Amino acid sequence: MTGQRLSLATVDRVPAGARPLVRPGEVSPGIVHLGLGAFHRAHQAVYTEEAVAAAGGDWGIVAVSPRRRLLVDALAAQDGLFSVTSLDGAGARTRVVGAISGVRHAPADPSAVVALLADPATRVVTLTVTEKAYLLEPATGRLRVDPALRAELAGQATPATVPGLLVAALAARARADAGPVALVSCDNLPANGHRLAGVVGQALALAGGDAARVRDWVSGNVTFPGTMVDRIVPAPTPATLVAARAALGLADHAAVAAEPFRQWVVEDAFPAGRPAWEAAGAVLTRDAGPYERLKLRALNGVHSALAYLGVLAGCETIAEALRLPGARAVVERFVAEDVAPSLDPPDGVSVVAYGRAALDRFANPVIGHTTRQVAMDGSQKLPQRILHTVADRRAVGGSPRWAALVVAAWMRFVQGRADDGRRLPLDDPLAGEIRAALAGNQRPPAATVDALVRLRRVFAPELAEDEVLRKLIAEWLDALTRHGVAATLASAGAGR
Ligand code: CS2
């Protein structure tokens, strides 16, 4: 793209209604964010900007990319400015956001990132690093310690992982007595606050040096508020940048597009203050657990269902998958018959109505959220999205038929061929183990199910040993293998 680029020098040329509410440089940093992906820019950055515009406070965000450099450079060239385009059938609305006051690339200078996290001005640390970056075993939530992490924790290697960076930062903070801080996971993990506390606790237990003193300091000075975060934010495409340019009259290489809907439920446990996020519509609460479980099971669970079924049936997008004959009826029954009885929803919330509203959002005709994007990292997502529902239903003797269909769709997906024979890539940190479990697999569906449920890092032993469940999954896998997704959904959705 040629021509002028979005930056502090050019932003006043942007149409008045699209200008940022606050400007980088006017607000001192108070938040460090790990994970510079599209979701952060369209979610926490927007909430924080609106909160600061409404109620003030030194809550600029320094956004750190733990891995990739591309966005760091794009945002640095734009003084932290980027735009969010909200898209649905009714049209598009683009606005520049000024919440990000600095960017860092962790691999380029890890010690600068550790120093930033340990700076007394940093009072809140938020994370959107995706499930796999916590290095947890998906089935149990225990930290997976490999030699590389062990070396980081022992101080023999530069911190490169999220647990390594956090432990190094907390140790530095404890030594300098830099004041309390909240570490806030904004990833779709179950009980994400507890899981992050567990990561830090287990990592500190393996750390060398003055780890015992650091642990004491952490227990008195660090909180781990749980959160439920929600907004559909597909990976940006060239079309996202073209739309941003048309709306702004300037090139924006860090533009994102998202659905208009957004929600944030946050446990209000911030020992050194926080932005007035409630002024931007966030719900501050004592316990985000009921919201989080509802969202993971009735929204993300259905998302994953549509992703696996859709990708097998040759659908590019989630909206297209939802249009397959029978698909909507099947996922509605999944929510009503399997998810709803597994949950105690937040007061006044109907699981079925929540599920229907999620489907209406998935039907957004212009957002173009790809089935492949949602299908990736299935081993990290399946437990909290599907298997916890299955376990809760099986514990009371239920027969989670529709959840079993989703597990079967995932199993067919990891076998690597769509219904039309096209190859499906497996983008998953456990790809090697999954392939090994399937090795030489020309087996009948029941044997495939037996091989895959033995992946203990994904399936808890009580599920792997549950014959009723294995049979349910195998029946669906047989149907999907014989008839394909389209015919299976058409018949199941019609109640046959
Ligand atoms: C999706 C989520 O990619 C995925 O796995 O299910 O990113 C989903 O779009 C968000 O959680 C919606 O809030």
From the list ALA235, ALA207, ALA251, exactly one residue is out of contact with any Asp or Glu (no Cβ under 6 Å at 6 or more places or on another chain), among the aliphatic types (A, V, I, L, M) and within 16 Å of the ligand (Cβ to nearest atom). Which is it? ALA235
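For region 274-299, name all the residues that are of a type in the set (Val, Ile, Thr) and either under 22 Å from ASP360 (Cα atoms) or more than 20 Å from the chain's Cα centre (by Cα) (or both).
First, the residues of region 274-299 that are of a type in the set (Val, Ile, Thr): 283, 285.
Once the filter is applied, which keeps residues that are of a type in the set (Val, Ile, Thr) and either under 22 Å from ASP360 (Cα atoms) or more than 20 Å from the chain's Cα centre (by Cα) (or both), region 274-299 yields only THR285.
Could you run through region 79-119 and say how many residues are over 30 Å from PRO365 (Cβ atoms) and either of a type in the set (Asp, Glu) or assigned to a strand (DSSP E or B) (or both)?
Filtering region 79-119 for residues over 30 Å from PRO365 (Cβ atoms) gives 79-80, 98, 100-119.
This time we only want the ones that are either of a type in the set (Asp, Glu) or assigned to a strand (DSSP E or B) (or both), so: 79, 100-105, 109, 119.
Qualifying residue count for the region: 9.
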Can you confirm whether region 122-140 contains a residue that is part of a helix (DSSP H, G or I) and of a type in the set (D, E, K, R)? yes
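Is it the case that some residue within region 15-26 is assigned to a strand (DSSP E or B), assigned by TED's automatic domain parsing to the domain that holds THR237 and under 27 Å from ALA133 (Cβ atoms)? Steps first, please.
Start the filter on region 15-26 by keeping residues that are assigned to a strand (DSSP E or B), which leaves 24.
Subsequent filtering for residues that are assigned by TED's automatic domain parsing to the domain that holds THR237 retains 24.
From what's left, under 27 Å from ALA133 (Cβ atoms): 24.
Yes, the conditions are met somewhere in region 15-26.
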Looking at VAL64, VAL96, VAL72, VAL14, which one is in contact (Cβ under 8 Å) with a residue 40 or more places away in the chain and either under 28 Å from LEU166 (Cβ atoms) or among the basic types (Lys, Arg) (or both)? VAL64
Against the condition surrounded by 15 or more Cβ atoms within 10 Å (Cβ to Cβ) and hydroxyl-bearing (Ser, Thr, Tyr), how does THR237 come out, does it pass? no
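If you take the residues of region 89-108 that are touching a helix residue (DSSP H, G or I) at 6+ places or on another chain (Cβ under 9 Å) and either more than 30 Å from PRO180 (Cβ to Cβ) or among the charged types (D, E, K, R) (or both), which of them is surrounded by the most Cβ atoms within 10 Å (Cβ to Cβ)? Give the steps one after another, and end with the answer.
Here is the first cut: in region 89-108, the ones touching a helix residue (DSSP H, G or I) at 6+ places or on another chain (Cβ under 9 Å) are 92-100, 102-106, 108.
After this cut, where a residue has to be either more than 30 Å from PRO180 (Cβ to Cβ) or among the charged types (D, E, K, R) (or both) as well, the list is 92-96, 104.
Values: ALA92: 15, ARG93: 14, THR94: 22, ARG95: 19, VAL96: 25, ARG104: 20.
Out of the qualifying residues, it is VAL96.
Could you check region 198-238 and list, in sequence order, the residues that are in contact with a Cys (Cβ under 6 Å, 6 or more places away or on another chain) and hydrophobic (A, V, I, L, M, F, W, C)? First the steps, then the outcome.
Residues of region 198-238 in contact with a Cys (Cβ under 6 Å, 6 or more places away or on another chain): 227, 229.
Within region 198-238, just VAL229 meets the criteria.
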Tally time: how many residues in region 24-61 are under 13 Å from PHE82 (Cα atoms) and surrounded by fewer than 17 Cβ atoms within 10 Å (Cβ to Cβ)? 0
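Answer with yes or no whether ALA182 is of a type in the set (Gly, Ala, Ser) and assigned to a strand (DSSP E or B). Talk me through it step by step, then tell me what you get.
Numbers: of a type in the set (Gly, Ala, Ser): yes; assigned to a strand (DSSP E or B): yes.
So ALA182 fits the description; yes.
Of all the residues that make up region 53-78, how many are part of a helix (DSSP H, G or I) and over 22 Å from the mean Cα position of the chain (by Cα)? If you could, list the steps in order and put the result at the bottom.
Step one: filter region 53-78 for residues part of a helix (DSSP H, G or I), giving 53-55, 70-77.
Next, from what is left, pick out any that are over 22 Å from the mean Cα position of the chain (by Cα): 53-55, 73-74, 76-77.
Of the residues in region 53-78, 7 are part of a helix (DSSP H, G or I) and over 22 Å from the mean Cα position of the chain (by Cα).
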Just name the residue that is nearest to LEU306 (Cα to Cα) out of those in region 340-364 that are outside any helix (DSSP H, G or I) and not acidic (Asp, Glu). ALA363
When the residues of region 365-378 are narrowed to those that are surrounded by fewer than 23 Cβ atoms within 10 Å (Cβ to Cβ) and in a helix (DSSP H, G or I), which ends up nearest to the ligand (Cβ to nearest atom)? GLN373
If we scan region 445-468, do we find a residue that is touching a residue at least 40 places away in the same chain (Cβ under 8 Å), basic (Lys, Arg) and in the same structural domain as THR389 (by TED's automatic domain parsing)? yes
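Without any contact (Cβ under 8 Å) to a residue 60 or more places away in the chain and not β-branched (Val, Ile, Thr): does that describe LEU359?
Considered against the rule, which asks whether it is without any contact (Cβ under 8 Å) to a residue 60 or more places away in the chain and not β-branched (Val, Ile, Thr), LEU359 comes out as yes.
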In region 340-364, what residues are under 21 Å from VAL485 (Cβ atoms) and surrounded by fewer than 17 Cβ atoms within 10 Å (Cβ to Cβ)? ALA363
I'm trying to understand the selection: among the residues of region 107-149, which are of a type in the set (Gly, Ala, Ser), within 19 Å of LEU70 (Cβ to Cβ) and in contact (Cβ under 8 Å) with a residue 60 or more places away in the chain? ALA133
Residue check for ALA305: within 16 Å of the ligand (Cβ to nearest atom) and within 19 Å of ALA494 (Cα to Cα): yes
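The values are calculated or read from the model by the stated rules, or taken from the named source; none is laboratory data. The shown structure was predicted, so the numbers you read here are calculated from the model rather than taken from an experiment. Cβ coordinates were reconstructed from backbone atoms using ideal geometry, including for glycine residues, and neighbour counts include every protein chain displayed.
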